Each structure stands twice: as structure tokens, then as C-alpha cells.
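Some notes on the structure that comes next.
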């Protein structure tokens with residue numbers, strides 16, 4: 001091996017070690033902060049009836065999914081990083097790790113897209129959103145979790161058929177290209193488009209409502225609103241006084 005190649009290998013190893021140390025130091029902090037924050041959100045929504053709203057029910061479900069990520073997936077990721085990415089456990093543990101990672105992360109993304117859509121509908125159609133019952137909310141949240149199962153299940157089936165789809169050369173991660181395309185489309189691209197479109201429309205609706213309110217306030221300050229609110233007799237009296 002030449003000196004240039006030897007130095008290149010040393011640089012690659014050093015870079016990998018530095019990134020590994022950074023991940024090992026950062027993951028415990030993220031686990032602790034995420035676990036504490038999400039469990040506080042769940043407790044607050046569960047105990048305070050004033051927080052029992054449509055959006056907060058979705059936030060509770062989202063916080064529960066993120067809580068599982070911080071308590072199950074991220075600790076396993078930390079153990080893998082400590083061992084420099086080498087998987088030393090069984091195939092069943094690898095399957096559980098990969099599936100929970102995909103399932104819970106997909107659940108978080110789907111929840112966020114549904115919350116953005118719910119906020120847009122609440123602003124654009126406020127009367128319909130007020131008539132939503134608790135049963136309808138439970139049905140919507142159940143549908144979110146069913147969609148999550150549909151998106152995340154194919155990788156588990158593919159891994160059971162062929163373990164090399166997730167476990168190769170002592171590394172546990174998704175190795176199926178078809179599922180990478182499928183998961184990226186349905187778990188990231190489509191929810192991102194939904195969130196982007198709904199937030200843009202929500203912002204435009206809020207700006208339109210704010211401009212309408214400002215125009216009404218300006219009309220009242222200029223006296224134009226006086227003609228709409230006062231009776232005709234008072235308007236005639238005002239005109240007569242102005243004429244004098």
C-alpha cells in the first residue's frame with residue numbers, strides 16, 4: 001500500500017470515528033429531551049380537559065409515537081453506534097428494530113401532515129370543524145395508524161421472505177431499493193407535499209382574513225361604517241346637522 005493510500009485510509013477511519021463519537025454524545029441528549037418533552041405533552045393533554053380539542057388529540061397521538069421513538073428506537077440506535085454500526089444481535093431483533101424505526105417515524109410524519117390538513121380545514125370551514133365529535137376524532141386517529149401500518153409493513157414482509165433485505169454483513173438497515181423508493185414516496189414526499197400545500201393555503205387564508213379586518217377597521221375610522229350601523233332617521237339628522 002502506498003503512502004498516499006495509507007493516509008487516505010487513516011483519514012476515512014478518523015472521520016468515521018469522529019462521527020461515531022458525535023452520534024454517541026448527541027443521541028443520549030436527544031433521547032432524554034425527547035422523552036421528557038413528549039411525556040409532558042401527553043400528561044398535560046390527558047389531565048387538562050381544556051386541552052381536549054381536535055388538534056390536541058392528534059398532538060397526543062403524535063407525542064405518543066415520538067415517545068416510543070425516544071424510548072425504544074433511539075436507545076437501540078445508540079447501542080449500534082457504540083459498536084461502530086456492527087449488529088451483534090439476532091435477525092429477530094434486527095427486524096424489530098428496523099420495523100419500529102420505520103413504523104414510528106412514519107407515524108410521526110403522517111400525524112404532522114394530518115394536523116396541517118386539519119388546521120387548514122378548521123380555518124377554511126370553521127362551522128364543519130366545530131361539529132366534529134369525539135368518535136370522529138378517534139376514527140381519524142385510527143385511520144392514521146392504519147395508514148402507517150400499510151406503509152411500514154412491506155419491509156417486514158420482505159425481510160421475513162429474504163433476511164438480506166435488512167441484515168447484510170453484520171449491519172442492520174434497509175437494503176431493499178424498491179422499498180426505499182416506496183417508503184420515500186409515501187412516508188416523506190407525499191406528506192411533505194400535503195404539509196407544504198396546506199400551510200401555504202392556511203397562511204394565505206389568514207392573510208386574507210387579516211386584510212378584511214383591517215379594511216373594516218379603516219372603514220369604521222373613516223365613518224363609512226356609520227352608514228351601515230345607524231338607522232335612517234339618525235343618518236338624516238346627522239346630514240341635517242352637517243348641512244347647518
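A short reminder: the numbers here are calculations on the coordinates, not readings from a lab. The model shown is predicted, which means the values in this text are computed figures rather than measured ones. Glycine also receives a Cβ, built like all others from the backbone with ideal geometry; neighbour counts cover every protein chain displayed.
Where the eigenvalues come from the Cα gyration tensor of region 93-231, what are the semi-axes √(5λ) of the equivalent ellipsoid, largest first, in whole Å? Intermediate values should be presented prior to the final figure.
Working: eigenvalues 486, 51, 15 Å².
Value: 49, 16, 9 Å, ordered largest first.
Which order do 60, 91 fall in if you start with the one that has the fewest other Cβ atoms within 10 Å?
Working: 60 21, 91 14.
Least to most surrounded, the residues fall as 91, 60.
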Within a 10 angstrom radius of the beta carbon, how do 66, 48 rank from fewest other beta carbons to most?
48, 66
Give the order of 39, 193 when sorted by the count of other beta carbons within 10 angstrom, beginning with the fewest.
193, 39
